[in-house]
Amino acid sequence: MTDSYPAELVALGDELTRLQQRRATVHPGARLENSAWRILRLLDDGEPRTLRVLATELELEQSTVNRQVNAAISAGMLERFEVAGRRSLLIRPTTRGREAFDHDARIRAEPIQAAIDALGPEATAVLVEGLQALNDAWDRAISERSERG
């Protein structure tokens, strides 16, 4: 089937798949399961979220995110809380969750830093610029396709 696509599209797809597979990497010494990591990474901006918003941002079913959030709450990494005037509970990291996230962020950054050190500053800058351009173009293509119906 890939014979019907341009070689550069297939090659890009292969490399994006390799990147995607890294999300499931188990990092020695990490304190968080990958699902808790992904949730805490979103919440690292300081903005609590509802379960529905987390599900949307994680591109997962709400029931899946609910199970993941409940597991992280049981592990002491997240908490739900009420806000006056809101029907939905919000979710935020606990102190323990923030500490575990910071710890794991350092562990996860090490191989990435080693890789960009190996690439060098110029190649890294080109890579970042290229990924930004790809993401921007991809967003535009999705938006244009949505507008066409």
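For the chain, a Gaussian network of Cα nodes joined below 10 Å ranks 64, 17, 94 by mean-square fluctuation, and the top entry is 17.
Scalar couplings 3J(HN,Hα) for region 112-120, obtained by applying the Karplus form with A = 6.51, B = -1.76, C = 1.60 to θ = phi - 60°, are 5, 4, 4, 5, 6, 5, 5, 5, x Hz; x denotes Gly and Pro. The GluC sites (Glu not before Pro) of region 46-111 meeting both criteria, a DSSP state outside H, G, I, E and B (loop) and at most 10 other C-beta atoms within 10 angstrom of the site's C-beta, are 59, 61, 82. At the listed q of 0.13, 0.23, 0.30, 0.31 Å⁻¹, the Debye profile of region 1-56, built from one uniform point per Cα, gives log10 I(q)/I(0) equal to -0.56, -0.91, -1.15, -1.18.
Place a +1 charge on the Cβ of each Lys and Arg in the chain and a -1 charge on the Cβ of each Asp and Glu, then give the dipole magnitude about the Cα centre in debye, rounded to the nearest 20. Intermediate values should be presented prior to the final figure.
Values: 20 positive and 24 negative charges, 183 e Å.
Here the chain has a charge dipole of around 880 debye.
Could you check how much of the accessible area of the chain is carbon and sulfur, as a whole percent, using a 1.4 Å probe? Heavy-atom surface of the chain belonging to carbon and sulfur, 1.4 Å probe: 52 percent.
Hey, what D do you get for region 1-120 in µm²/s if you plug the Kirkwood alpha-carbon radius into Stokes-Einstein at 20 °C and 1.002 mPa s?
On the way: Rh = 16.4 Å.
Reported coefficient: 131 µm²/s.
The convex hull around the C-alpha trace of region 89-149, projected and averaged over every direction, spans 7.4 square nanometres. For the chain, modelled as a GNM whose springs connect Cα atoms under 10 angstrom apart, the maximal fluctuation among 139, 117, 14 occurs at 139. Loop-located trypsin sites (Lys or Arg not before Pro) in region 81-149 (DSSP state not H, G, I, E or B) with no more than 12 neighbouring Cβ atoms inside 10 Å: 86, 87. Annotation: amide H-H contacts under 5 Å for residue 78 (H modelled 1.01 Å from N, sequence separation of 5 or more, or interchain): 73, 94. Choose one of 112, 39, 76: the residue whose Cα lies farthest towards the positive end of the charge dipole of the chain (beta-carbon charges +1 Lys, Arg; -1 Asp, Glu; about the Cα centre). Of the options given, the answer is 76.
The values are calculated or read from the model by the stated rules, or taken from the named source; none is laboratory data. Just so we're clear, the structure is a prediction, and the values are computed from it rather than from any experiment. All Cβ positions, glycine included, derive from the backbone under ideal geometry; neighbour counts span all protein chains shown. SASA here: full protein model, heavy atoms, side chains in, ligands and nucleic acids out. Shrake-Rupley method; radii C 1.70, N 1.55, O 1.52, S 1.80 Å.
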